[in-house]
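S.K.: This structure is in structure tokens; I'll ask about it shortly.
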Amino acid sequence: MVQKARGVLQENLIRVGSMDKPLLVINGPTIFNSPSPHHTPLLEKYFRLGSYDHGVNYPDGTTFVYSAKEKYNDIRHYNNGRNKFIVDSLWENFFDVNDEFDENTMGIICNYHKNKKNIQKVPAWFWYEEHFSQSHQKPVSMPFEFAKTNSFLMQIGRTKSLRTDFFEDLRKEKLLDDAKYSYLGRGIGLEGSNKVNDVISPYVCHQRNYLPEWYNSTHFTVVVETHQDQGSVFLTEKTFKPIMYGHPFILYGQQRSLEMLKNLGFETYDTLFDESYDEIENIVERRQKIIAQIQSMPKGQCREVVSHNFDLFWNRKQVEQGIVTDVIKPILEFINKA
């Protein structure tokens, strides 16, 4: 009886709440609650956010938000043609569920290799995410103000074959001898030896580690992205680290990754590197071209480009407008669509 009464009360609160804003009922971790709670104040200007409760009988016209397959199973009985569903995959370039979305389901994702109806792609998502989540680490001094003692900075997390090929090529060319680097999957950490005992947690706790000295003492960053093979360009925190911390960079990622960055308004370092590598489709040829650029060991500071990227990344007004344009407005249009 207590659970039933609580359900009726919750339903009444939902019905008489601030009806000018649509209700989003969230089941499980999503960008509307966790792991991105820093977005909540902005999202709450446009939505009422509530957590899914098994004891509540939600009225027709409710919009449910979920990410994982098992979370959909909790709410699938509401898929009766009178409610809507949002599948959040903004932290990924794949969905954890079947992507054959019906007219009442919308997917939001960082980027995706398919062009399908009701899928909103947000390739700038990790810019928006890192802007908020790493704001406590915004540098007060720029790396170009310091003397350099090492060649470049490179951070690698999980072991993957294409990353290992790149790492081994750099090692064979002795390009790591004067670099600051990590490869957590091999037990190598920037802070010293890193023993990998757990499948997940060592990478999670290390992937956003930051010390100003790593950037201040090196000329540029070698970004090793999540993917190097073909598909939609997936730019993660790995690419945005040198941008947010004021460092030139060369990017070992997917073909046309630099092109994507330029489309977002950032500038790249064609005065330091021959960036034609970005256009090369073959992974091996692209990798060799990048290694050749690293071998040249450019030492230019590129202050104007660094400052432009830094200022753009940390522009709160522009980031919030980006979230409104890329995430919030498409969701509102989807909800309001008859």
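S.K.: Does the range 63-78 contain at least one residue that is among the charged types (D, E, K, R), in contact with a strand residue (DSSP E or B) (Cβ under 8 Å, 6 or more places away or on another chain), under 15 Å from ILE328 (Cα atoms) and surrounded by 19 or more Cβ atoms within 10 Å (Cβ to Cβ)?
M.R.: Taking every residue of the range 63-78 in turn, none turns out to be among the charged types (D, E, K, R), in contact with a strand residue (DSSP E or B) (Cβ under 8 Å, 6 or more places away or on another chain), under 15 Å from ILE328 (Cα atoms) and surrounded by 19 or more Cβ atoms within 10 Å (Cβ to Cβ).
S.K.: To continue, here is another question. Looking at ASN118, is it touching a helix residue (DSSP H, G or I) at 6+ places or on another chain (Cβ under 8 Å), in the same structural domain as PRO29 (by TED's automatic domain parsing) and of a type outside the set (Ser, Thr, Tyr)?
M.R.: Yes, satisfied.
S.K.: Any residue in the range 295-308 that is surrounded by 15 or more Cβ atoms within 10 Å (Cβ to Cβ) sitting within a Cβ distance under 8 Å of a residue that is among the aliphatic types (A, V, I, L, M)? List the pairs, counting only those 6 or more apart or interchain.
M.R.: Once the first residue is surrounded by 15 or more Cβ atoms within 10 Å (Cβ to Cβ) and sits in the range 295-308, its partners that are among the aliphatic types (A, V, I, L, M) give PRO298/LEU272; CYS302/LEU272; VAL306/MET142.
S.K.: Has the range 261-272 got any residue that is among the hydrophobic types (A, V, I, L, M, F, W, C), more than 15 Å from PHE126 (Cβ to Cβ) and in contact with a Gly (Cβ under 6 Å, 6 or more places away or on another chain)?
M.R.: We begin by selecting, within the range 261-272, every residue among the hydrophobic types (A, V, I, L, M, F, W, C); these are 261, 264, 266, 272.
With the extra rule that they be more than 15 Å from PHE126 (Cβ to Cβ), the set shrinks to 272.
Within this subset, residues satisfying the condition of being in contact with a Gly (Cβ under 6 Å, 6 or more places away or on another chain) are 272.
Within the range 261-272, one or more residues are among the hydrophobic types (A, V, I, L, M, F, W, C), more than 15 Å from PHE126 (Cβ to Cβ) and in contact with a Gly (Cβ under 6 Å, 6 or more places away or on another chain).
S.K.: Mind checking which residues of the range 79-92 are assigned to a loop (DSSP other than H, G, I, E, B) and buried (at least 20 other Cβ atoms within 10 Å of the Cβ)?
M.R.: LEU90
S.K.: Restricting attention to helices (runs of 4 or more DSSP H) lying wholly within the range 253-327, give those where 2 or more residues are of a type outside the set (Phe, Trp, Tyr) and under 25 Å from THR164 (Cβ atoms).
M.R.: So the answer is 257-263, 283-295.
S.K.: Exactly one of (1) at pLDDT below 95; (2) in contact with a strand residue (DSSP E or B) (Cβ under 8 Å, 6 or more places away or on another chain); (3) under 24 Å from PHE64 (Cα atoms) is unmet by LYS299. Its number?
M.R.: (3)
S.K.: Looking only at the range 130-160, count every residue that is assigned to a helix (DSSP H, G or I) and touching a strand residue (DSSP E or B) at 6+ places or on another chain (Cβ under 9 Å) and tell me the total.
M.R.: 2
The values are calculated or read from the model by the stated rules, or taken from the named source; none is laboratory data. Keep in mind it's a predicted model, so treat the numbers as computed, not measured. Note that each Cβ is placed from the backbone with ideal geometry, even for glycine, and that neighbours are counted across all protein chains shown.
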